[in-house]
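The values are calculated or read from the model by the stated rules, or taken from the named source; none is laboratory data. Source: prediction; values computed, not measured. Please note: Cβ atoms are built from the backbone with ideal geometry, for glycine as well, and neighbour counts cover all protein chains shown. Protein only, heavy atoms only, side chains kept; ligands, DNA and RNA dropped before computing areas. Shrake-Rupley method; radii C 1.70, N 1.55, O 1.52, S 1.80 Å.
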Amino acid sequence: MTEKKIIAVAGATGAQGGGVIRAILKDRNGPYAARALTRDPNSDKARKLAGLGAQVVKADLHDAGSVKKAFDGAYGAYCVTFFWNHMSPETELREATNLANAARDAGLKHVIWSTLEDTRKYVPLGDTRMPTLMGKYKVPHFDVKGEADAVFRDSGVPTTYLLASFFWENFIRGGSGPKKDQNGDLVLSLPMANAKLTGIASEDIGRCAYGVFLRGQVLADKHIGLAGDQLTGDEMAQKFSKALGKPVRYNAVPFDVFRGLGFPAAEELGNMFQFYAEFADVLVKSRDVAASRELNPELQSFDQWLSLNKDKLPLE
Ligand SMILES: NC(=O)c1ccc[n+]([C@@H]2O[C@H](COP(=O)([O-])OP(=O)(O)OC[C@H]3O[C@@H](n4cnc5c(N)ncnc54)[C@H](OP(=O)(O)O)[C@@H]3O)[C@@H](O)[C@H]2O)c1
């Protein structure tokens, strides 16, 4: 039996990385073994991954040496960074740099970098349609990931750039789902105008990433966009109505109103949705559903995701 090649996975106890680990382990006769990076190998989530058959190693993206150690002896790595844990683009860039440098120093043969667009290429800082944030960003968690593409390119490690879409899990945990209005009617309030939102079940990102690793280095240097469905607010509201068995209405929130909601990331997310809405053609084109399904035949549509997850929607 040939020895399996190790894929080291950052964020293994989280949404994207967890999906990668589960996809690798599910393919029992596949060519890869899974190594899960976590800050706490004794956490319940880490123990669960070990129980599934992953090798679990301790690593902190803020400790470059620990990442290098975690990548040693591996064939490839899934690299994702964690903006929402600190909301600092500078810290996120350091995380990406530590991953890319460790991949280079460990001599990895294929890396997937979970990136997003640098929105400043579409909305330059001088464009007043949306405010500039933190002095030099339009959508900090997008822009800095796009900026970090160069760090991976310069590392010389064969890298595939994976563009994620809006996770439908944001409807469960991120506060984006339908909520009851003062009359008790369900309303899906999103600042998406009449544009299509490219969305995906977060578990499918990992499965698509596994499809990329299976195809291998031929996908190096390529940007690959992922989506499970591309739907307008009205279309999503119709699907919520069907799944929940009660009417859900779409309310297109103006971008400025959303930015003014006052919660910590309101401006950042307002800018993000404005980018999603005003550049929907770019996002729809770069995240092809059929191509995502070729990488991952189990790719869920929004209807399928809803049928599995409708009972988890808080609806308030
Ligand atoms: N939500 C969306 O719609 C969306 C769409 C596109 C892209 N994204 C991007 O997705 C990224 C997050 O990915 P995700 O949602 O898969 O993450 P997640 O589910 O929040 O999981 C994060 C995991 O990362 C680990 N982690 C956090 N800080 C770490 C550190 N310093 N060193 C090592 N591990 C650390 C944690 O594991 P341990 O506690 O076990 O160490 C945690 O389980 C964000 O940057 C976001 O911008 C999100």
* Hits in segment 189-222 - residues which are part of a strand (DSSP E or B) and either within 14 Å of the ligand (Cβ to nearest atom) or surrounded by 23 or more Cβ atoms within 10 Å (Cβ to Cβ) (or both) -> LEU190, LEU197, THR198, GLY199, ILE200
* Asked: Would you pick out the residues in segment 140-178 that are touching a helix residue (DSSP H, G or I) at 6+ places or on another chain (Cβ under 7 Å), closer than 30 Å to LYS310 by Cβ and either acidic (Asp, Glu) or open to solvent by 40 Å² or more (accessible area, probe 1.4 Å) (or both)?
  -> PHE167, GLU169
* Structure fact -> In segment 274-316, anything in contact with a strand residue (DSSP E or B) (Cβ under 7 Å, 6 or more places away or on another chain) and closer than 16 Å to GLY174 by Cα is listed as LEU315, GLU316
* **Residues of segment 34-48 that turn out to be over 18 Å from LEU295 (Cβ atoms) and outside any loop (DSSP other than H, G, I, E, B), as a count** => 9
* Structure fact -> Within segment 284-314, restricting to residues that are over 22 Å from ALA243 (Cβ atoms) and among the charged types (D, E, K, R), the one that is most open to solvent (accessible area, probe 1.4 Å) is LYS285
* Asked: Does segment 24-33 contain any residue that is more than 8 Å from the ligand (Cβ to nearest atom), open to solvent by less than 80 Å² (accessible area, probe 1.4 Å) and in a helix (DSSP H, G or I)?
  -> yes
* Filter segment 162-183 down to residues that are more than 9 Å from the ligand (Cβ to nearest atom) and assigned to a strand (DSSP E or B) and give me whichever is farthest from GLU316 (Cα to Cα). => LEU162
* Criterion (assigned to a helix (DSSP H, G or I), in contact with a Phe, Trp or Tyr (Cβ under 8 Å, 6 or more places away or on another chain) and modelled with pLDDT of 95 or more) met by exactly one of PHE240, PHE273 -> PHE273
* Inside segment 223-232, can you point out the residues that are part of a strand (DSSP E or B) and closer than 20 Å to ASN194 by Cβ? -> ASP229, GLN230, LEU231
* Structure fact -> Residues of segment 59-118 being open to solvent by 20 Å² or more (accessible area, probe 1.4 Å), under 26 Å from PRO31 (Cβ atoms) and either within 14 Å of the ligand (Cβ to nearest atom) or under 14 Å from the mean Cα position of the chain (by Cα) (or both), in sequence order, are LYS68, LYS69
* Asked: Just to be sure, is ALA46 hydrophobic (A, V, I, L, M, F, W, C), under 21 Å from PHE152 (Cβ atoms) and either in contact (Cβ under 8 Å) with a residue 12 or more places away in the chain or away from the ligand (no atom under 15 Å from the Cβ) (or both)?
  -> no
* To do: Could you check how many residues of segment 1-23 are away from the ligand (no atom under 16 Å from the Cβ) and under 23 Å from GLY65 (Cα atoms)?
  => 2
* Asked: Are any residues in segment 1-23 of a type in the set (S, T, N, Q) and either part of a strand (DSSP E or B) or out of contact with any Pro (no Cβ under 9 Å at 6 or more places or on another chain) (or both), and if so, which ones?
  -> THR13, GLN16
* Go through the residues of segment 130-139 one by one and say whether even a single one is within 11 Å of the ligand (Cβ to nearest atom), open to solvent by 10 Å² or more (accessible area, probe 1.4 Å) and not charged (D, E, K, R). => no
* Residues of segment 34-43 satisfying the condition of being open to solvent by less than 30 Å² (accessible area, probe 1.4 Å), within 20 Å of GLU95 (Cα to Cα) and either of a type in the set (D, E, K, R) or more than 12 Å from the ligand (Cβ to nearest atom) (or both) -> ARG35
* Asked: What number of residues within segment 258-303 satisfy the criterion of being under 13 Å from MET130 (Cβ atoms) and of a type outside the set (S, T, N, Q)?
  -> 15
* Structure fact -> Residue pairs within 7 Å by beta carbon, gap of at least six or interchain, first lying in segment 1-24 and at positive phi, second within 8 Å of the ligand (Cβ to nearest atom), listed first then second, are GLY11/GLY17; GLY11/VAL80; GLY11/PHE82
